[in-house]
Amino acid sequence: GDWMSKEDERRLLSACDSLVAIREDDGEAFARLLPEKRVLIAPPSFRPAPGAGAPEPHRCLFVAGDAEANREGIAWFIEHAWPLVRDAIPGAELHLCGTVCRIFSTDAPGVILRGFVDDLEAEYAKAAVVIVPLLRGSGVKIKLLEALAHSKACVTTPIGSEGLPVLESCVLQAASPEEFANRTLRLLTEPDTRRRLEESALRVIGEHFSPAACYGPLYEHIIRP
């Protein structure tokens with residue numbers, strides 16, 4: 001944002017011995033700002049947690065909190081992309097879970113507002129596809145990584161996976177509503193493609209977002225500065 005100038009940021013960060021960023025591109029920005037400082041990358045960590053049982057074949061899922069960016073993203077998807085999905089698969093369902101339902105409502109066919117659910121693990125297990133249609137926002141998109149940790153095939157926007165190039169092998173990106181609908185339909189109608197992404201998701205989470213991978217270098221730096 002514009003609430004702090006680069007000079008103010010440089011002055012505040014210069015008091016630190018080392019800097020920690022949660023994304024590679026944030027770390028690069030720190031390095032440019034303060035090239036004399038050591039910069040460590042420590043993204044949020046997850047443990048692979050695949051659900052039991054087969055998902056419902058035409059069920060999509062969106063999980064989010066009540067941030068305005070989440071409301072805007074799902075409104076964009078439902079208005080522009082979801083009708084294309086329903087035209088191709090009239091029985092497709094989109095379940096919305098989380099407090100985003102407090103600030104968003106719709107009567108679009110096939111969209112079910114679940115709100116807070118007691119067992120989110122079960123919702124992930126039942127979903128064939130998880131969508132993350134974000135149009136703005138910063139930082140690591142926690143819900144995308146959470147879905148991947150549950151071995152879910154995901155479709156997101158470039159903003160949704162921004163700063164996470166390691167996700168290119170396990171997430172489908174879509175910049176336009178038409179692309180988003182097409183990629184969602186692909187995963188709903190091509191089980192082999194969906195399973196390939198599910199397997200890639202678990203592999204990427206295990207290799208790049210385990211506690212050891214995320215915090216090992218930071219831990220070593222702290223105990224042996």
- Can you give me the P(r) profile for the stretch 129-225? Cα pairs, bins 10 angstrom wide beginning at 0, each as a whole percent. 16, 45, 26, 9, 3, 0
- Item | Solvent exposure of the stretch 1-84 as accessible area per residue, Å², 1.4 Å probe | 58
- Arrange the peptides 38-46, 215-223, 159-167 so that the one whose residues have, on average, the most other Cβ atoms within 10 Å appears first. 159-167, 38-46, 215-223
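Once R0 is set to 45 Å, what does the formula 1/(1 + (r/R0)^6) return for the Cβ-Cβ distance between T106 and E7, expressed as a FRET efficiency to the nearest 0.05?
0.50
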- Message: Can you give me the long-range amide H partners of I112? Hydrogens built in the peptide plane at 1.01 Å from N, cutoff under 5 Å, separation of 5 or more residues or another chain.
- Response: L94, H95, L96
- In order over the stretch 146-163: 3J(HN,Hα) from phi, Karplus 6.51/-1.76/1.60, θ = phi - 60°, whole Hz, x for each Gly or Pro, gives 4, 5, 5, 5, 8, 6, 9, 7, 10, 10, 9, 8, x, 5, x, 10, 4, x
- Quick one: putting +1 on the C-beta of Lys and Arg, -1 on the C-beta of Asp and Glu, what dipole do you get for the chain around its Cα centre, in Debye to the nearest 20? 300
- Within the stretch 84-151, which chymotrypsin sites (Phe, Trp or Tyr not before Pro) sit in a loop by DSSP and count at most 15 neighbouring Cβ atoms inside 10 Å? F116
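How many percent of the accessible area of the chain is carbon or sulfur, using a 1.4 Å probe?
Carbon-and-sulfur percentage of accessible area, whole number: 52.
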- Task: Report the antiparallel proportion of the DSSP beta bridges in the chain as a percent, rounded to a multiple of 5.
- Result: 0
- Message: Report the rotationally averaged projected area of the chain based on its alpha-carbon convex hull, in square nanometres.
- Response: 13.4
- State whether the stretch 53-131 is rounded, prolate or oblate according to the following rule on the C-alpha gyration tensor (a ≥ b ≥ c being the square roots of its eigenvalues): a/c under 1.5 gives rounded; otherwise a/b larger than b/c gives prolate, and the remaining case gives oblate. oblate
- What angle do you read, to the nearest 10 degrees and between 0 and 90, between the alpha-carbon axis of helix 211-223 and the longest principal axis of the chain? 10
- Which FRET efficiency value, to the nearest 0.05, do you get for I222 and E168 by plugging their Cβ-Cβ distance into 1/(1 + (r/R0)^6) with R0 = 22 Å? 0.10
- Message: Taking θ = phi - 60°, what integer Hz values does the Karplus form 6.51 cos²θ - 1.76 cosθ + 1.60 yield along the stretch 180-185, in sequence order, with x for Gly and Pro?
- Response: 5, 5, 4, 6, 5, 4
- Item | Residues in the stretch 42-67 that a label on T189 would reach, taking backbone N under 19 Å of a point 7 Å out along Cα→Cβ | 56-61
- Message: Loop-only trypsin sites (Lys or Arg not before Pro) in the stretch 64-149, please: DSSP not H, G, I, E or B, and at most 16 other Cβ atoms within 10 Å.
- Response: R136
- Query: Can you list the residues, at least 5 places off or on another chain, whose amide H is less than 5 Å from the amide H of F46, using H built in the peptide plane?
  - Reply: S210
- Task: Please identify, among D66, D119, D26, the residue showing maximal mean-square fluctuation in a Gaussian network model of the chain using a 10 angstrom Cα cutoff.
- Result: D119
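Suppose every K and R has +1 on its Cβ and every D and E has -1 on its Cβ; what is the size of the dipole of the stretch 42-148 about the Cα centre, in Debye to the nearest 20?
Here the size comes out at about 240 debye.
The values are calculated or read from the model by the stated rules, or taken from the named source; none is laboratory data. Not measured: the values here are computed from a predicted model. For neighbour counting, all protein chains shown are included, and Cβ atoms are generated from backbone atoms with ideal geometry for every residue, glycine included. To get the accessible areas, we keep the full protein, side chains included, count just its heavy atoms, and leave off ligands, DNA and RNA. Shrake-Rupley method; radii C 1.70, N 1.55, O 1.52, S 1.80 Å.
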